[in-house]
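I have placed the structure first, in the form of structure tokens, so that the comments after it can refer back to it.
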Amino acid sequence: MKHFSQWDEYQWENEIRRHENNVACFFQDLVYCLDLPIGDVLFDPLASPAAETNTDPVSAKRSNALRQWMSEHGEFEDGEDDDYQSSDAEPRHPVCFSCVDALDAMAVQWNQFAATIEKENIFEFALGINCAFGKLLARTADFTEPGEECTTPLLITLGKRAINDLEDLVDRLKECSSVFPGNMIFSDLVARLAVVRDQLTAQLHTLRTAANR
């Protein structure tokens, strides 16, 4: 089997799907294991940096862009992220962080709105939208601020997935809007997400054009 540095976008797609299925299975089983005496033994190692090894190319090559953004925007306590800072860190890409900043602002706006929802069944759906924003933020940072060893096929795959995640978020917002007729937050967020989608699509097109030369 080829080393993952030589994979095409379809091999990366299969690997990312495998990785996400593993994560989904972990969280499905987590609820049944939290109260077990061996819970600490089972789950603490998964939270340590050593858990991410080169046997998992998705985790091993994951970009630190979102973590960098959080650090530079004061999301870490003093000294919490000292180990991440590096004097030779690459400058941020302006398109990337216009997207990430925009998505972060939208996520904050949605969280403030969701906190006012009193109906439990609606709140659970709104919480799902919160998670969708978080997933999209991470995916967008991975795509638009890649690590040095990220290959073009991997970036193309991440770009397609970021756009798919964005469209899924838009569908969730439109579905939720029917419960709050007349509330402008939904049309506002959908319109702003369309701008982000255009930026991601443009960057994906640039990558494909360069790869086909």
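All of the numbers you see were taken from the coordinates with simple rules; none came from a lab. Nothing here was measured: the structure is a model prediction, and the numbers come from that model. Note that each Cβ is placed from the backbone with ideal geometry, even for glycine, and that neighbours are counted across all protein chains shown.
Some notes on this structure:
- Put simply, when 101-111, 141-151 are sorted by average Cβ atoms within 10 angstrom per residue, most first, you get 141-151, 101-111.
- Put a dot 7 Å past the Cα of ASP168, heading toward its Cβ, do the same for THR152, and the two dots end up 2.8 nm apart.
- When each of the peptides 164-175, 180-191 is scored by how many other beta carbons lie within 10 Å of its residues on average, the order from highest to lowest is 164-175, 180-191.
- A Förster distance of 30 Å, applied to the separation of the beta-carbon atoms of SER178 and ASP198, puts the FRET efficiency at 0.70.
- Label-to-label distance, nm, for residues given as TYR10 and GLN109 (7 Å Cα→Cβ offset): 4.0
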